[in-house]
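Here the structure is laid out as structure tokens; the discussion comes afterwards.
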Amino acid sequence: MKFRSKIIDIGCLNHFTRVVTTISKLTKTCVLRLTPDNLYFVLSGKVANGGVGMWCELSQAKFFDEFQLEGVSAEANEICLELAPDNLSRALKTAHNAKTVKIKLTKKHCPCLTIAAELPTMSSTSRVVTHDIPVDVIPKRLWNDFKEPSMPDFDVSIYMPPLKIMKNVVDRMKNLSNFLVIEANMNGEMNLKIETDLVSVTTHFRDLGNPPWAGGDGSQAGANSQRDPETMVQARVDVRKLQQFLMGQQFNPSKAMCNIVQNTIIHLILLYEDVSLQYFIPAVA
């Protein structure tokens, strides 16, 4: 197994740092899955047991000037590493003005992702700062746990309001209750609701629009086309998990979508050019 890569473009480096920092705000540990064409940050939460799930996909060609990978075998040309994304984020932040950043898989006292940043200097000598980030290599027999999650058979899909506005609303609601009801319909309307014995608060969003999903078999589009567009679909979730997702955003997505399966799960999708982030929050009774 071998992996080495290089980033030269400062814009690509800063964008990659923002993505990794976003991941670090969402989870303490995750799996970095490396393939010849893509990088994936994966949190394989057991949603059925109340855990969140995450899948973030990046095209390596959009970030890296060099990218060399030799996987476990010719047939399984991938590498899966478990790491703490906060360690990777902090290492990248120290290299924010670097001339080049090299990332490679090394063997020190344990397997490591080594970040070597060549920093600008006033003299002709170069200054290289190196970070060794411990990782665990995940054996091939466990890889199935880190494949792309299937799209839930959602009841409603809707574009989200501006994330900063939504975050401000959720921050205030968190002070009133541990749980929040998020509901939406196919008429571009979304409500965030808190209901307790003492207070009932609802924030309404209108004219958000609904994504034009059309699955290969038309199943999603077919199910939604038979539903009354005014009918609300809802899920009650842990407000802290939704707040954590909204707090973590370091990049401004071009599209943000929310899919809801009635009383089961909310599936959040952020798209930004060459990055897609999916986040799964299970409903609570």
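Taking a ≥ b ≥ c as the square roots of the Cα gyration tensor eigenvalues, the stretch 1-112 comes out oblate, since a/c reaches at least 1.5 and a/b does not exceed b/c.
Taking 0.36 nm per residue of separation and subtracting the Cα-Cα distance, full extension of the segment from K25 to D37 would add 1.8 nm. Each 10 Å bin, from zero up to the one with the longest distance, holds this percent of the alpha carbon pairs of the chain: 6, 26, 30, 21, 12, 4, 0. The label point for E195 and the one for S177, both projected 7 Å from the Cα toward the Cβ, are 0.7 nm apart.
Taking 0.36 nm per residue of sequence separation and removing the Cα-Cα distance, the K93/Q68 pair yields an extension gain of 6.7 nm. So if R0 is 30 Å, what FRET efficiency would K140 and T106 give, r being the distance between their Cβ atoms, rounded to the nearest 0.05? Efficiency for this residue pair is about 0.90. Excluding ligands, DNA and RNA, the accessible surface per residue across the chain is 49 Å² with a 1.4 Å probe. For the chain, carbon and sulfur atoms together expose 48% of the accessible surface, with a 1.4 angstrom probe and every protein chain in place. Taking Lys and Arg as +1 and Asp and Glu as -1, the other residues whose beta-carbon sits under 12 Å from that of R240 total 0. Computing FRET efficiency as 1/(1 + (r/R0)^6) for D153 and K255, where r is the C-beta to C-beta distance and R0 is 25 Å, gives about 0.75. Taken about its Cα centre, the stretch 40-127 carries a charge dipole of about 440 debye when Lys and Arg each add +1 at the Cβ and Asp and Glu each add -1 at the Cβ.
For the residues K62, K255, K6, a 1.4 Å probe over the protein chains yields an accessible-area ranking, largest first, of K62, K255, K6. Between the amide H of N263 and those of Q234, A235, R236, distances stay under 5 Å, these residues lying 5 or more places away or on another chain, with hydrogens modeled in the peptide plane. Summing +1 for each Lys or Arg and -1 for each Asp or Glu among the other residues whose beta-carbon sits under 12 angstrom from that of L119 gives +1. Checking the a/c ratio against 1.5 first, then a/b against b/c, what shape does the Cα gyration tensor give for the stretch 79-211? In terms of gyration-tensor shape, prolate. Stretching the chain fully between E75 and V129 yields a gain of 15.9 nm (0.36 nm per residue, less the alpha carbon separation). Among the listed pairs K62/K93; K62/K108; K2/K255; K108/K140, those whose Cα-Cα separation exceeds 26 Å are K62/K108; K2/K255.
The phi-based Karplus calculation (6.51 cos²θ - 1.76 cosθ + 1.60; θ = phi - 60°) puts the 3J(HN,Hα) values of the stretch 140-146 at 4, 5, 9, 4, 4, 6, 10 Hz, whole numbers, x for Gly and Pro.
Bridgeable lysines around K193 (alpha carbons under 18 Å apart, same-chain partners fewer than 8 residues away excluded): K164, K167, K174, K241.
With contributions of -39500 (n - 2.57) from each DSSP H run of at least four residues, the per-residue ellipticity at 222 nm computed over the chain stands at -5500 deg cm²/dmol. Remark: the stretch 1-84 carries a charge dipole of roughly 400 debye about the Cα centre, counting +1 on each Lys and Arg Cβ and -1 on each Asp and Glu Cβ.
The values are calculated or read from the model by the stated rules, or taken from the named source; none is laboratory data. This structure is a prediction, so every number in the text was calculated from the model and none was measured. Virtual Cβ from ideal backbone geometry, glycine too; neighbours counted across all protein chains shown. Please note that ligands, DNA and RNA were not included when accessible areas were found on the heavy atoms of the full protein model with its side chains. Shrake-Rupley method; radii C 1.70, N 1.55, O 1.52, S 1.80 Å.
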